[in-house]
Amino acid sequence: MVKRYWSIALAVILAVSIGFAQRPTKVIGAGEGTANFRVPFHQTSNLTLYKDTTYILTGWYFVDSLYRLTIQPGTLVLGDSGSAATLIISRGAKIHAAGTVNSPIVFTSRKAPGQRRPGDWGGIVILGAAPTNKPTTQQIEGGFGTIPNTLAMYGGADPNDSSGVLQYLRLEFGGIAFSQDNEINGITFGGVGAKTVVDHIQVSFANDDDFEFFGGGVQAKYLVGWRSLDDCFDTDYGFSGKIQFILDKRDPAIFDA
């Protein structure tokens, strides 16, 4: 019975791997490699990422205000290490990444399996217009203020602001430290409002926090953090949402300064 189980499991893994390998690839963002390290790219129209294509995310990819990024269930997105690939949903923009239990959306490192490491790419940053306990809007941490054309502000007066949907999504090997206490996390939420849908998310092998919430009141549930360097769940600046049904698995040999 055990041998039969492993034979079936290996067959499934092989089939999935072959399926991914057969997909065409498409580069989105500023471009691959160190020549595009932290180079901003601005999405200025609605865009859909399709499950029949593997996408290589490059540079600092901003979805600009009033536009939407839609990601189909089962889509694979690979973060390019050389360009510090990071997906930023600007205040006023939306992401609609609604995976399913059988077809999750996967963000991982572009490096080959076995060579992937925490910090291979940036992660996802979602910026909303919900209140914080700061008197004005803030710039999200991660070094954005040091590079031209990378305005990354969050916060506002709308507690019910919506930045879209994140469901059944797995993110691996993200998180980049720009400087001490100035990092991009696995997933960063800045002023994200209560109408944003966030559930069934796993962040694995993050180079900083798995999930960090700067103010806002998003209601997040069914979250898994797996072997992050720093905090699994971190809150700042008056976060007033609810986080339910969470699991955190730590490695005692991995810790932040």
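The values are calculated or read from the model by the stated rules, or taken from the named source; none is laboratory data. This one's a predicted model, so the numbers in the text were calculated from it and none came from an experiment. FYI the Cβ positions are ideal-geometry reconstructions off the backbone, even for glycines, and counts take in every protein chain you see.
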Only listed residue being among the polar types (S, T, N, Q), within 17 Å of the chain's Cα centre (by Cα), surrounded by fewer than 18 Cβ atoms within 10 Å (Cβ to Cβ) and not in a strand (DSSP E or B), chosen from 240, 162: 162
Considering residues of the stretch 222-250 that are out of contact with any strand residue (DSSP E or B) (no Cβ under 6 Å at 6 or more places or on another chain) and at pLDDT 80 or above only, the residue nearest to residue 132 (Cα to Cα): 238
Filter result (touching a residue at least 40 places away in the same chain (Cβ under 8 Å), β-branched (Val, Ile, Thr) and either surrounded by 24 or more Cβ atoms within 10 Å (Cβ to Cβ) or not in a strand (DSSP E or B) (or both)) within the stretch 46-101: 86, 88, 89, 100, 101
Given (1) crowded, with 19+ Cβ neighbours inside 10 Å; (2) part of a loop (DSSP other than H, G, I, E, B); (3) at positive phi, index of the condition residue 174 fails: (3)
Cβ-Cβ under 7 Å pairs, at least 6 apart or on other chains, the stretch 180-199 side charged (D, E, K, R), far side part of a strand (DSSP E or B): 183/176; 183/177; 199/167; 199/220; 199/221; 199/222
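Taking residue 120 as the residue in question, decide whether it is charged (D, E, K, R), touching a strand residue (DSSP E or B) at 6+ places or on another chain (Cβ under 7 Å) and closer than 29 Å to residue 219 by Cβ. Reasoning before the result, please.
Details: charged (D, E, K, R): yes; touching a strand residue (DSSP E or B) at 6+ places or on another chain (Cβ under 7 Å): yes; closer than 29 Å to residue 219 by Cβ: no.
No: the conditions fail for residue 120.
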Subset of the stretch 33-45 [out of contact with any Phe, Trp or Tyr (no Cβ under 9 Å at 6 or more places or on another chain) and either among the acidic types (Asp, Glu) or outside any helix (DSSP H, G or I) (or both)]: 33, 37
Residue 126, sole failed condition from (1) in contact with a Ser or Thr (Cβ under 9 Å, 6 or more places away or on another chain); (2) buried (at least 23 other Cβ atoms within 10 Å of the Cβ); (3) within 16 Å of residue 29 (Cα to Cα): (3)
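Limited to the stretch 15-28, what total is found for residues that are modelled with pLDDT of 95 or more and more than 16 Å from residue 95 (Cα to Cα)?
The total comes to 4.
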Criterion: modelled with pLDDT of 90 or more, farther than 25 Å from residue 226 by Cβ and not hydroxyl-bearing (Ser, Thr, Tyr) - qualifying residue of 115, 167, 202, 138: 138
Counted residues, the stretch 120-159 - those being part of a loop (DSSP other than H, G, I, E, B) and of a type in the set (A, V, I, L, M, F, W, C): 8
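Here are 135, 131: which of them is of a type outside the set (Ser, Thr, Tyr), touching a residue at least 24 places away in the same chain (Cβ under 8 Å) and over 25 Å from residue 207 (Cβ atoms)?
Unique residue meeting the criteria: 131.
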